[in-house]
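Chemist: Take a look at this one; I'll ask things after.
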Amino acid sequence: MLTSLILTAFLASMPITTSAAITANSAPTQQAGKQQDAAKQSTSKKAVRPAGMWYGIEDARPKAKGALRLACYNAENLFDRIDDPTQSGEYDDLKEATTEVRLKAIAAVIRRLDADVLCLEEIESKECLTWFRDTYLKGMGYDYLASEDVSYYRGVEQSVLSRVPITKVTVFKGEDAVIEDMKARQTPELAKALGAEWGKPTSAESGNGKPKVFQRSPLKVDLKTKDGYELTVYCVHYKAGNFDHQRELEALQTEAFIKDGLKVNPDANIAVLGDFNGTPNDMNVRVLRSSDAGLVSAYDWRFDKKPASPDVFTTHASGRSIDFIVMTPGLAADCIDGSYFVLGAMHAASDWDYKKAAEIPPPDGYASDHYPVVIDIAVKNDKPASDFKSPARSNATAATPATSKDSATTTSDTKSNDITSDKSIDSENGLRALAGRTAPAADIATATALHAAGWSYVMPMPKSKTASWENTNAKSTFWIGHWKHAPSGKTSQTAPADGNDIVGGESALDEKGKVRWKDGGAPAAPSFVEWLCSSEGGIEPK
């Protein structure tokens, strides 16, 4: 009894703590925690770039009177609603049927483009293209079209819409489609001349004992205007994905086709255009843009030689330039300077997932993940190939004393973001030109020695969709800039000590032989030596 009384008295003397008191005391702590969590979520949440015109220009450039407008456009799986019995299961064409909204958007882009000869990629069939033309492109004057099955498992092919009469259509099948023999051309000497390295076959390319062939045969179309101007186009769509080796063989075989044509007629007007699935730095693009057949890129005739942003000439929604027009000297002689451009179109918001397009469609006005590439030709002035002259370019020169006027010019010029030119090379010393600026003499001497020793610099390249030079998004990713030694095949993340250094620093390649990438936003502007030893990409030194 005494024990019970003592216990009761003890409990009575204890301070009373109610649940309300506990809640009241803990409320500030919980509230602070919620605020911290909200702050963390706000910080970690990636800013969404809204849908709009991210790349290219809004309005097509005016076409000169009498000019022929040549263009290419990947329409991103243009399918009709007619069942193709050869397509079923995962690749059932009815599942791929293009929506009415997208069909109208694609047609709107083509109408703005107003091309006379339009090469298309990812078209289901000739029947589909005919239906699309007759339904959505009435009054455009596309009286001629070509589209041939290339036995591609996804059921898409290359096509041509034309106002110019088509005289012949060719696809390459059987032995003509074999590219295996092009391996013999992948020599160290050619790699050095092109300033890059050959890709290595992946395990998926090991083959089944059969010779390697085009995944999608080029579509060769011969055309002839009513005035007798002749033009041949190779509409191409090289293999996508991690298949550099395959794309290189496809490009080498395409080049061989063109060389055969030039043997018959050195002045022939031939263009290779379409989706190369490679950037200017990639070997399959270099094979054609730097061919010893004298092929040249339509980019050299761009309307803006010093664009304020590289986005002006970006051709794919990923922020890359992978669509090109490459021409023989005969056709290049007829190009109209300032006529090359990329036509912009709707880009989905950065948080849109194309893999979930069936559940969450892209915004109205979205046509394709590619943007049309364009060049105008003066068909009434068919000059011989010998009359071709590349557009004038400035050369890297030794430094001169700067004046206030020179300094002002330099400040303005540093805004140039020329990311895809591969022709701005000084023919005297092989160094990359500067746009009206001068490089320090010491840097020119260093760059000349490195270049002579076989070293070249590869500019960083945007990897993520948000990546672009001088952007402020610290989470965007880039493939790293690096040095390449053509004779040995070595790469280095740091500059070689001098022309005698053939070792360099840490390799720029990962364990799979691919260029490494990193986040952290856009890299700093290159040094003068890096710029002079590069051939394309980047922004000019500051």
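Chemist: Just to check your reading of the model, which residue among S291, S318 is hydroxyl-bearing (S, T, Y), touching a residue at least 60 places away in the same chain (Cβ under 8 Å) and surrounded by fewer than 22 Cβ atoms within 10 Å (Cβ to Cβ)?
Modeler: S318
Chemist: Any idea how many residues of the range 515-536 are in contact with a Phe, Trp or Tyr (Cβ under 9 Å, 6 or more places away or on another chain) and loosely packed, with under 14 Cβ neighbours inside 10 Å?
Modeler: Count: 3.
Chemist: Still on this structure, please answer the following. Out of everything in the range 185-241 that is touching a strand residue (DSSP E or B) at 6+ places or on another chain (Cβ under 8 Å), part of a loop (DSSP other than H, G, I, E, B) and among the aromatic types (F, W, Y), what residue ends up being surrounded by the most Cβ atoms within 10 Å (Cβ to Cβ)?
Modeler: Restricting to residues being touching a strand residue (DSSP E or B) at 6+ places or on another chain (Cβ under 8 Å), part of a loop (DSSP other than H, G, I, E, B) and among the aromatic types (F, W, Y), the top hit is Y238.
Chemist: Name, by its number, the condition in (1) modelled with pLDDT under 70; (2) part of a strand (DSSP E or B) that does not hold for K475.
Modeler: Failing condition for K475: (2).
Chemist: Continuing with the same structure: Every residue in the range 134-148 that is surrounded by 14 or more Cβ atoms within 10 Å (Cβ to Cβ) and among the acidic types (D, E), please.
Modeler: E148
Chemist: Of all the residues that make up the range 105-140, how many are within 16 Å of I82 (Cβ to Cβ), without any contact (Cβ under 8 Å) to a residue 12 or more places away in the chain and either under 21 Å from the mean Cα position of the chain (by Cα) or not in a helix (DSSP H, G or I) (or both)?
Modeler: 0
The values are calculated or read from the model by the stated rules, or taken from the named source; none is laboratory data. It should be emphasised that the depicted structure is a prediction, and the values quoted were computed from it without experimental measurement. Positions of Cβ are generated from backbone atoms using ideal geometry, with glycine treated the same way; all protein chains shown enter the neighbour counts.
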